[in-house]
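Questions regarding the structure given below will be posed in turn.
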Amino acid sequence: MKNNADNTMLPEVTRRDFIKSAGIGVIAAPYIAKSAWAQTPPSDQIRHAIIGTGSMGRNHIKGFVNTKGCDLVALCDVDPQQLVKATKDLPNADKIKKYADFRELLKDKSIDSVSIASPDHWHTPIALWALMAGKHVYVEKPCSHNIRETNLLVKAAKHFNKCVQHGTQRRSNGAHMEGMKQLKNGIIGKVHTIKAIDHQHREAIGRAQAEPAPEGVNYDLWLGAAPKVPFTKNRWHYNWRWFWEYGNGDAANDGVHQIDVAVWALGDRYPKRVVSSGGQYYYNDDHQTPDTQTTIFEYDDTQIIWEMRLWTPYNLEGHDNGNVAYGTDGKMEFGRAGVVVTKGKEQIKIESPNEVEAIMPNFLTAVRENNPLKLHSPIEKGAIATNMALLANIATRIGASSLEYDPIKVNIKSPGYDAKANALLGREYRKGYELPWKG
């Protein structure tokens with residue numbers, strides 16, 4: 001692995017000119033009648049790479065490989081076994097370049113875009129490196145490990161003028177899009193409460209002993225900015241989410257999806273106050289993050305109530321992971337089964353009147369046209385949901401009665417807890433793994 005100092009100033013490559021054919025239609029937000037690919041010549045292929053090939057990364061592989069107009073040309077993972085698993089069923093696996101260090105991948109000027117499905121603590125650093133290298137970026141939720149990173153990534157997207165799509169895919173769901181339109185038009189009256197429901201039964205992880213990292217794994221690179229600690233299997237695949245140095249628990253895992261829908265319904269704005277409570281009531285193992293959490297995001301005339309439980313093998317109040325908007329004239333429910341309005345005894349199924357691009361094809365459409373305005377889930381909107389999930393964690397961790405966040409000054413006020421709360425807005429970066437771009 002090369003010293004980080006040799007890579008922090010990757011040369012900014014020339015922006016590739018994405019040639020539009022005369023027949024490309026204008027995308028009418030928020031709906032798209034057809035995929036832009038349908039009117040794009042076959043020669044205009046997007047050369048895409050995926051960084052991180054765990055369970056989410058393999059979803060990216062499937063999604064991008066099956067999207068017309070995309071050539072998957074490179075994969076990267078510090079774990080060689082993950083790379084083998086990710087490519088074994090691909091018909092052109094031998095033609096896909098494999099990397100252990102994402103910085104080497106980013107030197108390939110022929111790559112147009114990357115998607116990032118690494119552990120959360122690498123999301124923003126890799127995204128910054130990619131933008132510096134002239135790539136468009138699809139970054140999984142949450143887009144960052146901490147609030148300062150989130151805000152820096154938003155700034156970088158504008159500075160480098162690249163498409164940065166956030167992996168909150170409900171914004172590319174036609175029924176959800178139509179539901180938001182109907183909500184704004186007053187179908188259930190004035191909305192004063194939105195519930196964001198996050199629940200499932202996640203097994204305990206036990207207590208893992210220190211052991212050598214798997215053969216061929218650059219564990220130091222995997223740790224990145226996080227403190228150097230012995231390898232354990234609980235800090236490895238998937239379970240890293242439950243350690244503060246790498247993830248932010250289920251608030252920033254599933255919770256971001258439900259919080260994002262609620263924030264979307266309120267016009268993508270921050271609350272004036274955050275009240276949160278929770279802890280580990282179920283687990284007694286290596287988990288650091290809560291298994292139970294309830295957060296209220298207060299606005300002037302409405303509120304978001306986010307509820308998270310990781311020990312329920314049943315639906316909360318009969319509802320799957322999703323949202324319920326409560327209005328003066330009825331309620332609107334958003335979930336995996338779709339969007340349903342209930343007004344008295346009447347139920348109305350909300351459907352999209354138009355065909356809508358899914359989030360990955362939508363990202364490629366924006367990349368092809370080199371236009372961030374085409375994105376369904378642009379980073380500036382995903383940033384709000386991410387930061388609100390992180391604020392829920394900060395409020396829970398410091399044990400304060402409430403906090404107020406100023407998104408302009410990037411400052412938290414919480415009487416008696418100011419210093420403790422503001423310290424959690426960022427992190428210390430281990431030497432050699434500092435952020436490559438400071439804005």
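Only one of these is under 30 Å from G318 (Cα atoms) and either touching a strand residue (DSSP E or B) at 6+ places or on another chain (Cβ under 6 Å) or small (G, A, S) (or both): I194, I111. Name it.
So the residue among I194, I111 that is under 30 Å from G318 (Cα atoms) and either touching a strand residue (DSSP E or B) at 6+ places or on another chain (Cβ under 6 Å) or small (G, A, S) (or both) is I194.
Name, by its number, the condition in (1) out of contact with any Asp or Glu (no Cβ under 9 Å at 6 or more places or on another chain); (2) β-branched (V, I, T); (3) closer than 30 Å to Q288 by Cα that does not hold for I359.
Tallying (1) out of contact with any Asp or Glu (no Cβ under 9 Å at 6 or more places or on another chain); (2) β-branched (V, I, T); (3) closer than 30 Å to Q288 by Cα, I359 fails exactly one: (3).
Right, next: Anything in the stretch 328-370 that is part of a loop (DSSP other than H, G, I, E, B), under 25 Å from L316 (Cβ atoms), open to solvent by 30 Å² or more (accessible area, probe 1.4 Å) and touching a Gly at 6+ places or on another chain (Cβ under 9 Å)? List them, or say none.
Matches in the stretch 328-370: T328, D329, R336, A337, G344.
Of the residues in the stretch 45-70, how many are over 23 Å from the mean Cα position of the chain (by Cα) and surrounded by 15 or more Cβ atoms within 10 Å (Cβ to Cβ)?
Adding up the residues that qualify gives 2.
Given the options D250, D220, name the one that is in a helix (DSSP H, G or I) and loosely packed, with under 15 Cβ neighbours inside 10 Å.
Result of the check over D250, D220: D220.
Follow-up. Mind listing whichever residues of the stretch 162-189 are more than 30 Å from H60 (Cα to Cα) and outside any helix (DSSP H, G or I)?
N185, G186, I187, I188, G189
Before we move on, is L391 within 27 Å of N239 (Cβ to Cβ) and in contact with a Phe, Trp or Tyr (Cβ under 7 Å, 6 or more places away or on another chain)?
Answer is yes for this residue.
Given the conditions (1) buried (at least 19 other Cβ atoms within 10 Å of the Cβ); (2) touching a residue at least 60 places away in the same chain (Cβ under 8 Å); (3) under 24 Å from the mean Cα position of the chain (by Cα), and given that E434 satisfies all but one, which numbered condition is not satisfied?
Evaluating E434 over (1) buried (at least 19 other Cβ atoms within 10 Å of the Cβ); (2) touching a residue at least 60 places away in the same chain (Cβ under 8 Å); (3) under 24 Å from the mean Cα position of the chain (by Cα) leaves (1) as the failure.
Can you spot a residue in the stretch 66-76 that is among the charged types (D, E, K, R), in contact with a Pro (Cβ under 9 Å, 6 or more places away or on another chain) and under 19 Å from A213 (Cβ atoms)?
Within the stretch 66-76 (the criterion being among the charged types (D, E, K, R), in contact with a Pro (Cβ under 9 Å, 6 or more places away or on another chain) and under 19 Å from A213 (Cβ atoms)), the answer is no, since none of the residues qualifies.
Going by what's in this entry, would Y270 be described as at pLDDT 95 or above, among the aromatic types (F, W, Y), within 24 Å of A204 (Cβ to Cβ) and not in a helix (DSSP H, G or I)?
When the stated conditions are applied, Y270 does not pass them.
Related question: Taking only pairs six or more apart or across chains, which ones have beta-carbon atoms under 9 Å, a first residue in the stretch 183-209 that is acidic (D, E), and a second residue that is open to solvent by 20 Å² or more (accessible area, probe 1.4 Å)?
D198/D254; D198/H257; D198/E307; D198/R309
Identify, from the list T168, T193, the residue that is within 25 Å of L424 (Cβ to Cβ) and of a type in the set (S, T, Y).
T168
Here's something else I'd like to know. Return the total of residues in the stretch 59-69 being assigned to a helix (DSSP H, G or I), in contact (Cβ under 8 Å) with a residue 24 or more places away in the chain and farther than 17 Å from V139 by Cβ.
1
The values are calculated or read from the model by the stated rules, or taken from the named source; none is laboratory data. This structure is a prediction, so every number in the text was calculated from the model and none was measured. Backbone-built Cβ (ideal geometry, glycine too); neighbour counts: all protein chains shown. All accessible areas refer to the heavy atoms of the entire protein, side chains included, with ligands and DNA or RNA removed. Shrake-Rupley method; radii C 1.70, N 1.55, O 1.52, S 1.80 Å.
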